[in-house]
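The values are calculated or read from the model by the stated rules, or taken from the named source; none is laboratory data. These figures come from a predicted structure and were not determined experimentally. Backbone-built Cβ (ideal geometry, glycine too); neighbour counts: all protein chains shown. Side chains included, ligands, DNA and RNA excluded: accessible areas come from the protein's heavy atoms. Shrake-Rupley method; radii C 1.70, N 1.55, O 1.52, S 1.80 Å.
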Amino acid sequence: MAIEHVSDTARWVAVYRAMETERPDALFHDPYARQLAGAKGDEIVQTLKDARSMAWAMIVRTQVFDEIIMAEVGTDGIDLVLNLAAGLDARPWRLALPSSLQWVDVDLPDILRYKLATLGDAKPHCSYEAVEADLTDADVRRGLFARIGARAKRALVVTEGLLIYLSDADVGALASDLHAIPSFTRWVIDLANPRLLKMMSKSWGKAVASGNAPFKFAPASGSGFFREFGWEERAFHSTMEEAERLDREMKMMWLWKFLGRFYPARMREEFRRMSGIVVLERI
């Protein structure tokens, strides 16, 4: 199978960043994406059903995360970004971040070492630290959060492409541990609903499960899931609406929109929130 480990999903998404970068009308530029993806990333995209045609969703996600991070850092006084399960994210190198910003990547040793070795002599725009840690180890996680939180006045936590691979209990434990750190004021996540999870599982479920990365988290309550753990929705960015804004809609989206006119308001809202990027704020 193309996906042999959850870290391979980072190579998969890196291919999408490379595809967008190579467009003449690219929304963003990641000059490192093609090399980071490597042959393994290309193999995944070529092997998985409909993987290339679904690139739009990951490209939109990347761009919206970029915009949110830059806005938070630029206007809301964020002095540290904690990027959990950072994978092959190259934002410290490709975004015009202030040199005073602290950026901390956290992930498993193999993927972080591969990324830094591949980037070679490239210099990040901000202060950068890579932390090798297994976030499923609660003691390690809490110790790390306490250490990083003590360095920040206002920190933004980023979990792009992580939560969908965790159980409800694991997401709740992570949310509680993050909330225990007063300087962790904002948290940006991507979120699917149960309908989308079912669709994704039909297309890619066996492939990701073979790499011990089955899709799991898609709460029926949406961002309301996080409220009992001390977080509430500050902003929701619908993937479908953002795709229209960014001119990266999937094929046949016009038909979905047309048919949507005949659905009751409740179902239209469900489709609008099928997938999105959410900014959470501590309560």
So, in the stretch 106-123, exactly how many residues are over 19 Å from R34 (Cβ atoms) and part of a loop (DSSP other than H, G, I, E, B)? 2
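Results for (1) under 19 Å from R234 (Cα atoms); (2) open to solvent by less than 10 Å² (accessible area, probe 1.4 Å); (3) touching a residue at least 40 places away in the same chain (Cβ under 8 Å), shown as yes or no for each residue.
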{"site": "V106", "(1), (2), (3)": "no, yes, no"}
{"site": "P109", "(1), (2), (3)": "no, no, no"}
{"site": "K115", "(1), (2), (3)": "no, yes, yes"}
{"site": "L119", "(1), (2), (3)": "no, no, yes"}
Name, by its number, the condition in (1) open to solvent by 20 Å² or more (accessible area, probe 1.4 Å); (2) out of contact with any strand residue (DSSP E or B) (no Cβ under 8 Å at 6 or more places or on another chain) that does not hold for Q102. (2)
Determine which member of the set L36, L82, L27 is in a helix (DSSP H, G or I) and either surrounded by 14 or more Cβ atoms within 10 Å (Cβ to Cβ) or touching a residue at least 12 places away in the same chain (Cβ under 8 Å) (or both). L36
Restricting attention to helices (runs of 4 or more DSSP H) lying wholly within the stretch 124-232, give those where 2 or more residues are out of contact with any strand residue (DSSP E or B) (no Cβ under 6 Å at 6 or more places or on another chain), modelled with pLDDT of 95 or more and open to solvent by 40 Å² or more (accessible area, probe 1.4 Å). 138-149, 168-179
Within the stretch 169-223, can you find the residues that are among the hydroxyl-bearing types (S, T, Y) and touching a helix residue (DSSP H, G or I) at 6+ places or on another chain (Cβ under 7 Å)? S176, S183
Conditions first: (1) at pLDDT below 95; (2) assigned to a loop (DSSP other than H, G, I, E, B). L97 passes all but one, so which condition is the exception? (1)
Log entry, pairs with first residue in the stretch 161-185 being of a type in the set (S, T, N, Q), second being at pLDDT 95 or above and open to solvent by 30 Å² or more (accessible area, probe 1.4 Å), beta carbons closer than 8 Å, six or more apart or on different chains, reads S176/F229; S183/A150; S183/K153; S183/R154; T185/R154; T185/E281; T185/R282
So is S53 among the polar types (S, T, N, Q) and free of Cβ contacts under 8 Å to residues at least 40 places away in the same chain or not? no
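Table: residues versus (1) farther than 20 Å from V188 by Cα; (2) within 18 Å of the chain's Cα centre (by Cα).
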position: A71; (1), (2): no, yes
position: G77; (1), (2): no, no
position: L80; (1), (2): no, yes
position: Y114; (1), (2): yes, no
Given the residues V64, V73, V60, which is the only one that is open to solvent by 10 Å² or more (accessible area, probe 1.4 Å), of a type outside the set (G, A, S) and within 30 Å of E244 (Cβ to Cβ)? V73
